[in-house]
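Chemist: Here's a structure for you.
The values are calculated or read from the model by the stated rules, or taken from the named source; none is laboratory data. The structure presented is a predicted model; accordingly, all values stated were derived computationally and were not measured. Every residue, glycine as well, gets a Cβ built from its backbone with ideal geometry; the counts of neighbours run over all protein chains shown. Only protein heavy atoms, including side chains, enter the accessible area calculation; ligands, DNA and RNA are left aside. Shrake-Rupley method; radii C 1.70, N 1.55, O 1.52, S 1.80 Å.
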Amino acid sequence: TGVLRTPRRLILKAKASSLTSMANSATSLTTEFGIVSRFYSNNAMGLYKKLKGKATLFNNPQSLAEAIIKNLPASEMIDSCSTIKGFINVKLSPDWIAMSVQKMLVDGVEAWAPRLPVKRAVVDFSSPNIAKEMHVGHLRSTIIGDTIARMLEFSNVEVLRRNHVGDWGTQFGMLIEFLFEKFPSGEVPSDQAIGDLETFYKASKQRFDSDPAFKEKAQQAVVSLQAGEEKYRKAWAHICEISRKGFERVYERLGVHLEEKGESFYNPYIPRALELLDGQGLIKESEGARVIFIEGKKIPLIVVKRDGGYNYASTDLTALWYRLNEEKADWIIYVTDVGQRDHFEMFFTAARKAGWLPAENDKYPKVSHVGFGLVLGEDKKRFRTRSTETVKLVDLLDEAKTKCKDVLVERGKAAEWTEEELDKTAEAVGYGAVKYADLKNNRSTNYIFSFDQMLDDRGNTAVYLLYAHARICSIIRKSGKDVEELKKSGKIVLAHADERVLGFHLLQFPEVVEEACTTLLPNTLCEYLYNLSEDFTRFYTNCQVVGSAEETSRLLLCEATAVVMRKCFYLLGITPVYKI
């Protein structure tokens, strides 16, 4: 079987002579005069090397390529084949591309969803700490994790969206004890009585560090909490609930849904998980702690501290065991900053040594650490306020919306739109701009946070893309035609070169989603979306739509572009706008 591929996904399998079963499927996408529905294959080159010196009918790669073409069966996908110096050129049929795009319009874009070899995945993302505000550092984990979850869900994978919040540990002793000092009964009249929870946390930490008597009480409070004493559990639950309300303000703005399963959820399972690891001889005593030695690492993985307490490693190993054995996940994806790479490598290795995971990284069930870089200010230092405080995420999002609304008012939209339309558009564009500015970058790199750049309506920004979508919708509205009726009665014809470029780009959508899922790189989808918008602009510039002889076909092509753009927006967690 000779295989013709785009760089991303299988496009065509064409049976040729039995000789081609010996060939490598080294293929590539080539462009010629801007027409990208053309492929080449170098199979004949590799095959000829295997046949050289043997008694065959083929004197060179060119003659072999000609024989392969001659033996290709007829296919509606192929317009023509040719060969130059042993390279086989295959041009896809414009009619087949048009038919495929039109079928998507009728069946829905979900018909293009890729099929992955995964039934259930856990995506562990966001994961803020209780009693602390979500800051700009949580932005990347939340946005990237949500997009990965959306892409997997579109690909028919059942996704368990997990918020592994930091809701357990020694810090709760000082918080609870500080709370009891303010409210000896443990009854807090309202959330506001505590004030800003992060300020409350800092005050309790300062007291813990400076007052030995308070520190001793706080340590005893941890013991009481872990023993399940009602007064302490109630205070802990109240602090957690206040934090959740703060987190929800952010998630609501971002349109992100998660199910919380924090550190406290896994705490009862830790002894059993460690018992399993110990039973395999993996846990050793070292300087008073219990550890797992990892080959190639100077420092072992500590699973029980010297004081007998548990830590991140013990919780993470237990959570992994639970997700594999109780939740039956095929793929577990952790979205955190790149600084935690060593930790994940170590506990993944420990799990492989225990036989919880296959020895091969590419076998299922498998785990992946999705690391991301820092958010920097325009001074290229870690993004902070002028007072050097970490920027609160909810304030950042609100500022994006406000700046976007100001621009819309400057453009006179307040006189044309209702207040609700103005507000909704400012939200969609403002929040979308923040998300896209993050997602368009390779996640492993740092990126500079700049409102001026992300709210620019030129170049590779959400604003530009949302405006492009709104423009397509405007073209369809101005035609006065019912697109749903056109889908039933009309036909797409790709006669112009720019129509073919656009049609073929639309056809690549499922392979792009598949690649983004496989590599866990959302910027792949952003690149596709931006290039799609550019291809549409070129098509619209060179091909009259409304009032042309080809109006029906071109309106359908406009609609197909809008449908795919909307699905891209959805996968990126961005709300489309329909007028601007």
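One line per residue, one yes/no per condition, for (1) surrounded by 15 or more Cβ atoms within 10 Å (Cβ to Cβ); (2) out of contact with any Phe, Trp or Tyr (no Cβ under 6 Å at 6 or more places or on another chain); (3) not in a loop (DSSP other than H, G, I, E, B):
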residue: ALA359; (1), (2), (3): no, yes, no
residue: HIS369; (1), (2), (3): yes, no, yes
residue: LYS380; (1), (2), (3): no, yes, no
residue: LYS405; (1), (2), (3): yes, yes, yes
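Chemist: Moving on to the next point. For THR537, state whether it is surrounded by fewer than 20 Cβ atoms within 10 Å (Cβ to Cβ), assigned to a helix (DSSP H, G or I) and among the polar types (S, T, N, Q). Steps first, answer last, please.
Modeler: Details: surrounded by fewer than 20 Cβ atoms within 10 Å (Cβ to Cβ): yes; assigned to a helix (DSSP H, G or I): yes; among the polar types (S, T, N, Q): yes.
For THR537, the condition - surrounded by fewer than 20 Cβ atoms within 10 Å (Cβ to Cβ), assigned to a helix (DSSP H, G or I) and among the polar types (S, T, N, Q) - is met.
Chemist: Do you know which residues across the stretch 328-344 are open to solvent by 40 Å² or more (accessible area, probe 1.4 Å) and either more than 19 Å from LEU116 (Cα to Cα) or of a type in the set (Phe, Trp, Tyr) (or both)?
Modeler: Step one: list which residues in the stretch 328-344 are open to solvent by 40 Å² or more (accessible area, probe 1.4 Å), which gives 328, 330, 337-343.
Across the stretch 328-344, the qualifying residues are ASP337, VAL338, GLY339, GLN340, ARG341, ASP342, HIS343.
Chemist: Just to be sure before I move on: is GLY547 farther than 24 Å from VAL463 by Cα and either crowded, with 22+ Cβ neighbours inside 10 Å or not hydroxyl-bearing (Ser, Thr, Tyr) (or both) in the structure I sent?
Modeler: Working: farther than 24 Å from VAL463 by Cα: yes; either crowded, with 22+ Cβ neighbours inside 10 Å or not hydroxyl-bearing (Ser, Thr, Tyr) (or both): yes.
Answer is yes for this residue.
Chemist: Hey, among the residues in the stretch 158-181 that are in contact with a helix residue (DSSP H, G or I) (Cβ under 6 Å, 6 or more places away or on another chain) and aromatic (Phe, Trp, Tyr), which one's surrounded by the most Cβ atoms within 10 Å (Cβ to Cβ)?
Modeler: Filtering first and then ranking leaves PHE172.
Chemist: Another question about this same structure. Filter the stretch 316-339 down to residues that are closer than 20 Å to THR170 by Cβ and without any contact (Cβ under 8 Å) to a residue 60 or more places away in the chain, then give me how many there are.
Modeler: The first filter runs over the stretch 316-339 and keeps only residues closer than 20 Å to THR170 by Cβ, leaving 316-319.
Then drop every residue that is not without any contact (Cβ under 8 Å) to a residue 60 or more places away in the chain, which leaves 316-318.
Summing the residues that are closer than 20 Å to THR170 by Cβ and without any contact (Cβ under 8 Å) to a residue 60 or more places away in the chain in the stretch 316-339 gives 3.
Chemist: Filtering the stretch 284-293 down to residues that are in contact (Cβ under 8 Å) with a residue 12 or more places away in the chain and open to solvent by 20 Å² or more (accessible area, probe 1.4 Å), which residue is nearest to the chain's Cα centre (by Cα)?
Modeler: Taking the stretch 284-293 and keeping what is in contact (Cβ under 8 Å) with a residue 12 or more places away in the chain, we get 284, 286-292.
Still in the running and open to solvent by 20 Å² or more (accessible area, probe 1.4 Å): 284, 286-288, 290.
On the way: LYS284: 38, SER286: 40, GLU287: 41, GLY288: 41, ARG290: 36 Å.
Checked the stretch 284-293; the qualifying residue nearest to the chain's Cα centre (by Cα) is ARG290.
Chemist: Find the residue count for the stretch 302-327, including only residues that are more than 20 Å from ARG140 (Cβ to Cβ), of a type in the set (Ser, Thr, Tyr) and either open to solvent by less than 40 Å² (accessible area, probe 1.4 Å) or part of a helix (DSSP H, G or I) (or both). Even if it seems obvious, please write down each step before you answer.
Modeler: Quick first cut of the stretch 302-327, residues more than 20 Å from ARG140 (Cβ to Cβ) only: 302-311, 313-315, 317-327.
Retained after the next criterion (residues that are of a type in the set (Ser, Thr, Tyr)): 310, 314-315, 318, 322.
Now narrow it down to the ones that are either open to solvent by less than 40 Å² (accessible area, probe 1.4 Å) or part of a helix (DSSP H, G or I) (or both): 314-315, 318, 322.
Residues meeting the conditions: 4.
Per-residue answers, yes or no, for (1) under 13 Å from the mean Cα position of the chain (by Cα); (2) touching a residue at least 12 places away in the same chain (Cβ under 8 Å):
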residue	(1), (2)
VAL136	no, yes
THR147	yes, yes
ARG150	yes, yes
VAL159	yes, yes
VAL165	no, yes
GLY169	no, yes
MET174	no, yes
PHE183	no, no
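Chemist: Suppose the filter is within 19 Å of TRP112 (Cα to Cα) and touching a residue at least 40 places away in the same chain (Cβ under 8 Å); does GLU514 pass it? Lay out the reasoning, then the answer.
Modeler: Details: within 19 Å of TRP112 (Cα to Cα): yes; touching a residue at least 40 places away in the same chain (Cβ under 8 Å): yes.
Taking the combined requirement at face value, the residue satisfies it.
Chemist: Does ARG272 qualify as being under 27 Å from the mean Cα position of the chain (by Cα), at pLDDT 95 or above and more than 15 Å from ILE130 (Cβ to Cβ)? Step through it out loud before you land on a result.
Modeler: Values: under 27 Å from the mean Cα position of the chain (by Cα): no; at pLDDT 95 or above: yes; more than 15 Å from ILE130 (Cβ to Cβ): yes.
Criteria not met by ARG272.
Residues are listed down the side, and each one gets a yes or a no for (1) under 15 Å from the mean Cα position of the chain (by Cα); (2) within 21 Å of LYS91 (Cα to Cα):
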site: ALA497; (1), (2): no, yes
site: GLN508; (1), (2): no, yes
site: CYS517; (1), (2): yes, no
site: ASN523; (1), (2): yes, no
site: SER533; (1), (2): no, no
site: ARG538; (1), (2): no, no
site: VAL545; (1), (2): no, no
site: THR552; (1), (2): no, no
site: TYR570; (1), (2): yes, no
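Chemist: Can I ask one more? Looking only at the stretch 448-474, which residues are more than 22 Å from TYR528 (Cα to Cα) and either at pLDDT 95 or above or in a helix (DSSP H, G or I) (or both)?
Modeler: Across the stretch 448-474, the qualifying residues are PHE451, ASP452, SER474.
Chemist: Could you list all residues from the stretch 208-224 that are modelled with pLDDT under 90 and open to solvent by less than 40 Å² (accessible area, probe 1.4 Å)?
Modeler: VAL222
Chemist: OK, next. Inside the stretch 29-66, can you point out the residues that are of a type in the set (S, T, N, Q), at pLDDT 85 or above, out of contact with any helix residue (DSSP H, G or I) (no Cβ under 7 Å at 6 or more places or on another chain) and open to solvent by less than 40 Å² (accessible area, probe 1.4 Å)?
Modeler: SER41, SER63
Chemist: Looking at this structure, is GLU485 open to solvent by 50 Å² or more (accessible area, probe 1.4 Å) and acidic (Asp, Glu)? Break it down into steps so the answer makes sense when it comes.
Modeler: Details: open to solvent by 50 Å² or more (accessible area, probe 1.4 Å): yes; acidic (Asp, Glu): yes.
Spelling it out, GLU485 is indeed open to solvent by 50 Å² or more (accessible area, probe 1.4 Å) and acidic (Asp, Glu).
Chemist: From SER127, SER155, which residue is more than 22 Å from TYR232 (Cα to Cα) and open to solvent by less than 20 Å² (accessible area, probe 1.4 Å)?
Modeler: SER155
Chemist: I'd like to verify a number: residues in the stretch 85-118 that are touching a Phe, Trp or Tyr at 6+ places or on another chain (Cβ under 9 Å) and surrounded by fewer than 14 Cβ atoms within 10 Å (Cβ to Cβ), how many?
Modeler: Selection size over the stretch 85-118: 2.
Chemist: Okay, next question. Could you please give the count of residues in the stretch 554-573 that are open to solvent by 10 Å² or more (accessible area, probe 1.4 Å) and at negative phi? Step through it out loud before you land on a result.
Modeler: Start the filter on the stretch 554-573 by keeping residues that are open to solvent by 10 Å² or more (accessible area, probe 1.4 Å), which leaves 554, 559, 563, 566-567, 570, 573.
Then drop every residue that is not at negative phi, which leaves 554, 559, 563, 566-567, 570.
The qualifying residues number 6.
Okay, residues lined up against (1) surrounded by 17 or more Cβ atoms within 10 Å (Cβ to Cβ); (2) in contact (Cβ under 8 Å) with a residue 24 or more places away in the chain:
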residue	(1), (2)
ILE239	yes, yes
GLY246	yes, yes
GLY255	no, yes
GLU259	no, yes
GLY262	yes, yes
ALA273	yes, yes
ASP278	no, no
LEU282	yes, yes
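Chemist: Has the stretch 565-573 got any residue that is farther than 29 Å from VAL118 by Cα and small (Gly, Ala, Ser)? Please lay out each step first, then the result.
Modeler: Start the filter on the stretch 565-573 by keeping residues that are farther than 29 Å from VAL118 by Cα, which leaves none.
Taking every residue of the stretch 565-573 in turn, none turns out to be farther than 29 Å from VAL118 by Cα and small (Gly, Ala, Ser).
Conditions tested, residue by residue: (1) over 21 Å from LEU572 (Cβ atoms); (2) free of Cβ contacts under 8 Å to residues at least 24 places away in the same chain; (3) open to solvent by 70 Å² or more (accessible area, probe 1.4 Å).
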{"position": "ASP456", "(1), (2), (3)": "no, yes, no"}
{"position": "GLY459", "(1), (2), (3)": "no, yes, no"}
{"position": "LEU465", "(1), (2), (3)": "no, no, no"}
{"position": "ILE475", "(1), (2), (3)": "yes, no, no"}
{"position": "LYS481", "(1), (2), (3)": "yes, no, yes"}
{"position": "GLY490", "(1), (2), (3)": "yes, no, no"}
{"position": "HIS496", "(1), (2), (3)": "yes, no, no"}
{"position": "PHE504", "(1), (2), (3)": "yes, no, no"}
{"position": "LEU507", "(1), (2), (3)": "no, no, no"}
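Chemist: Regarding LEU258, is this residue modelled with pLDDT of 95 or more, under 20 Å from ASP395 (Cα atoms) and not hydroxyl-bearing (Ser, Thr, Tyr)?
Modeler: No; evaluated as a whole, the condition is false for this residue.
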